[in-house]
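The next block holds one structure in the form of structure tokens; read it before the comments.
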Amino acid sequence: MIASASTVALSLLDVVDPRPFLSRLDYLLWAVLVLGALIFVHELGHFLVAKRAGVKVLKFSLGFGPKIIGLTRGGTEYLLSAIPLGGYVKMLGEDPKEEVADPEGSFSAKPVGWRSLIILAGPGSNLLLAVTIFWVVFTVGVPTLATKVGEVMQDFPAHEAGVLVGDRIKAIDGHPIEKWEELATQIHKSPGRPVRLTVERAGNRFDLVVAPKATRQKNLFGEEQEIGLLGIAPAEEFLIERANPVTAFARAIYKTYDLSRLILLTFVKLIQGVVPAKTIGGPLLVAQMAGQQARLGILNLLFFTALLSINLAILNLLPIPILDGGHLFFSLIEAIRGKPVSLQKREMAQQVGLALLVALMIFAFYNDIFRLLGRQ
């Protein structure tokens, strides 16, 4: 049974809304919609490639556990099940112990290459969904902060150099900039090193030389690093950053890659203990964040959905028996050895994998509950 799980580590996002989750029932609705869409896309990937390989699909289920509703079409039973924490596609011959009347339609009778593609299709579909979302967003346009100064802090280099509220920073060391993100990136890279700011004030342009203050701050993973700070904050002025479809597609691929890298790094940092285990979130955190992002607008919700889709893909690719990554690992071993891993060993590994997954889900629920009670 090829299944997807929805327990995720959301260390890349911060929960900023302190209002109780249980009083916001619309959060639950958004969570069901977002998770349901991601699980559907994941299982649809398995389903379509299995059909293309000539494998008979017996069941296509959104959710686990007791059936709520179902219908049968073309030999496949389509189900909506009671526990919305994942989904599965059940194919003929997945269990090597069962005798199959139609060997040509059996999953286990297919070459290891086809079986690997069927397994990869689920996570691959989630990554493709993320690329598609980012492609649409970058084509339509993304609001981004302009380089207008909204605040100048006392006792920081910008104040001492004469930067004023309302100034626009047009270039750094002669390189034109338009977005606050570009400004912040360059300044953070230059702790203690003088930089030349081209400032526009009342229609006039002039240069100021200022050395960003070297400051120790924690990064995304809670590790201390040294960055440069000028002591300024942006004004509430936005540009709409649009790209043509070709450029937007390239950006979407890179954005998906970059977030995938960050999520993988988060998993590594969790194992190393750098990122605290209490940051792991489960369905309740997903529900809370889905509601928050929906309230902030469709763009925020789309970005959150894409991030969650990448998260789901990577989680399912981890080499844990019972997840897609575990099935792929056994397929790799089979491709190298020329014969499959024994049934007994696979069953033992899947029992261990199931225990690990259940433990992870319980821990995620534990974190969610304590977070909602304000104890984290």
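The values are calculated or read from the model by the stated rules, or taken from the named source; none is laboratory data. As the structure is a computational prediction, the values presented were derived from the model and not from experiment. All Cβ positions, even for glycine, are placed from backbone atoms using ideal geometry, and neighbour counts span all protein chains on display. The area values use the complete protein model at the heavy-atom level, side chains included, leaving out ligands, DNA and RNA. Shrake-Rupley method; radii C 1.70, N 1.55, O 1.52, S 1.80 Å.
A compact table of results
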item	result
Filter pass, Ile39 being more than 18 Å from Asn316 (Cα to Cα), β-branched (Val, Ile, Thr) and modelled with pLDDT of 90 or more	no
Residues that are of a type in the set (Lys, Arg) and within 20 Å of Ile320 (Cβ to Cβ), drawn from the stretch 262-309	Lys269
Residue among Leu285, Leu299 that alone is part of a helix (DSSP H, G or I), more than 30 Å from Trp114 (Cα to Cα), within 18 Å of the chain's Cα centre (by Cα) and at pLDDT below 80	Leu285
Per-region count, the stretch 223-251, residues buried (at least 18 other Cβ atoms within 10 Å of the Cβ), assigned to a strand (DSSP E or B) and small (Gly, Ala, Ser)	1
Among (1) touching a Leu at 6+ places or on another chain (Cβ under 9 Å); (2) closer than 26 Å to Gly141 by Cα - the single one Ala243 does not satisfy	(1)
Some residue of the stretch 335-351 being in a helix (DSSP H, G or I), closer than 30 Å to Ile280 by Cα and open to solvent by less than 50 Å² (accessible area, probe 1.4 Å)	yes
Residue check for Leu183: surrounded by 15 or more Cβ atoms within 10 Å (Cβ to Cβ), of a type outside the set (Lys, Arg) and assigned to a strand (DSSP E or B)	no
Residues of the stretch 254-277 satisfying the condition of being in contact with a Phe, Trp or Tyr (Cβ under 8 Å, 6 or more places away or on another chain) and open to solvent by 20 Å² or more (accessible area, probe 1.4 Å)	Lys255, Leu265, Lys269, Val274, Ala277
When residues of the stretch 201-215 are limited to those that are touching a residue at least 24 places away in the same chain (Cβ under 8 Å) and open to solvent by 50 Å² or more (accessible area, probe 1.4 Å), the one farthest from Val163 (Cα to Cα)	Lys213
One residue from Ala359, Ala355 being modelled with pLDDT of 85 or more, in a helix (DSSP H, G or I), open to solvent by 50 Å² or more (accessible area, probe 1.4 Å) and on the phi < 0 side of the Ramachandran plot	Ala355
Test for Val32: is it at pLDDT 85 or above and in a helix (DSSP H, G or I)	no
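Residue by residue, here is whether (1) open to solvent by less than 50 Å² (accessible area, probe 1.4 Å); (2) more than 27 Å from Leu301 (Cβ to Cβ); (3) over 27 Å from the mean Cα position of the chain (by Cα); (4) free of Cβ contacts under 8 Å to residues at least 24 places away in the same chain holds:
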residue	(1), (2), (3), (4)
Leu35	yes, no, no, no
Leu44	no, no, no, no
Pro66	no, yes, yes, yes
Leu71	no, yes, yes, yes
Leu80	no, no, no, yes
